Each structure stands twice: as C-alpha cells, then as structure tokens.
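One structure below.
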Amino acid sequence: MVDAEGSSAPACPGCATPAAAFSTHDHAHCAAGALARAGAVVRARGLRLTPVRERTLQILLESHRALGAYDVLHRLAAEGFGNQPPVAYRALDFLEEHGLAHRIRRLNAFAACLHPGEVHAPVFLICTACNRVAEAPGTTVSAALTGEAATFGFAVERMTVEALGRCPACQAAA
Ligand SMILES: [Zn+2]
Ligand SMILES: [Zn+2]
Ligand SMILES: [Zn+2]
C-alpha cells in the first residue's frame, strides 16, 4: 500500500503559502501538484478518480475560486458528461468525503483542497469582491478553538472557519 504522501512532489514554496491564492503565481504548478496528491490519496484508499471525479476536481482547480454545483454541472454537461444534477453532486460529494474539496458554506460552493491527505482544519479567507478563496492551514486558530471548547468540556471533532473580506487586489482596486 502506497501511503498518501508517497508520491507527492517536492514541496513547492508557492503552493505552500496560502497567500499565493491572492497573488500572481504559477497556478498550473499548484493545480498539477494538488491533482497528483489527490490521486495518491484516493489510490491509497483503494478507490479511484473516475473520469467525472477527476474532471470535476480539475474544474475546481482551475482557479483559486469556489464554484457552485451548478457551475460545475454546466461545465461537465458541456464536456459530454451528462446534464443530470446527480452527476455533479455525486462527484462533488466524493471529493468532499475524501477531503479533496471543501464545501464553502457561505458561498454555497466548493473549492479544491490544496492539501489533500494532510490533516488540517481549513480556515477559508473568502474575498467577497472576486470570490477568490485562500485556504490557510489554520493551526493556530484550531488550537485556540479547541482550547476554548475544552473549557466547556466540549471535544471538537471537525471545524471549518470561513472569514469574509477583501483580498489585496480588491482592496487596492476599491
Ligand atoms: Zn495556485
Ligand atoms: Zn483542505
Ligand atoms: Zn478579491
């Protein structure tokens, strides 16, 4: 059994910094790395990225923006994957279940995970002007929240933090 990290590419400084989402960078590199890691995670679980699952992930990886299920569905339909909503929903559910994509509740949309296979409590920084989404690792936030919850005797199992605001480019344009 190959472990999830087994075939991952060497760390890329650009992709490792969540701030890359808000700046000009070699996104093809980012996307290819995330897709390769996602493939490894799925194979390690004895599953596979079927063509529709893989294409859905590629569509989400095209930019650092979250896409609604209907946007994904329209793209898939245009590419001949069928225009029935369950086609897109099933693929998105699979990606979400295996941590390859995250649901951004505030936007009712999905974003590809850039750290598939790593344990993380994502903190999403969502630009309300351009819809770009950066996924910060959230280590300090999750530690703080876990500590806070512990004072209530509450054991946190999952958390996702979503912050709304303006990215650097949109602040400069305002
Ligand atoms: Zn990128
Ligand atoms: Zn993630
Ligand atoms: Zn923006």
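Want the number for THR140 to ASP71: 0.36 nm per residue separation, take away the alpha-carbon distance, what's left? If you can, show how the numbers build up before the last one.
Details: separation 69, 0.36 × 69 = 24.84 nm, distance 3.34 nm.
Roughly 21.5 nm would be gained on extension.
In the chain, the C-alpha radius of gyration followed by the widest Cα-Cα span (Dmax) gives 16.6, 53 angstrom.
Between ALA149 and THR50, the distance separating the two model label sites (each 7 Å from Cα on the Cα→Cβ line) works out to 3.3 nm.
For ILE104, the amide hydrogen comes within under 5 Å of the amide hydrogens of ALA109, PHE110, ALA111, counting only partners 5 or more places away or on other chains and with H modelled in the peptide plane.
Could you work out the relative contact order of the chain, using alpha carbon pairs under 8 angstrom and six or more residues apart, expressed as a whole percent? Display every interim value, and only then the final one.
Working: 244 pairs, mean separation 36.9, N = 174.
With pairs under 8 Å counted, the relative contact order is 21 percent.
If the segment from ALA78 to ARG43 were pulled out straight at 0.36 nm per residue, it would be longer than the present Cα-Cα gap by 9.8 nm. Taken along the Cα-to-beta-carbon direction at a fixed 7 Å, the label points for VAL161 and CYS130 span 2.4 nm.
Laboratory data are not the source of any read-out in this text; all were calculated from the coordinates shown. Note that the structure is predicted; figures quoted are calculated from it, not measured. No Cβ is skipped: glycine too gets one built from the backbone with ideal geometry, and neighbour counts run over all protein chains shown.
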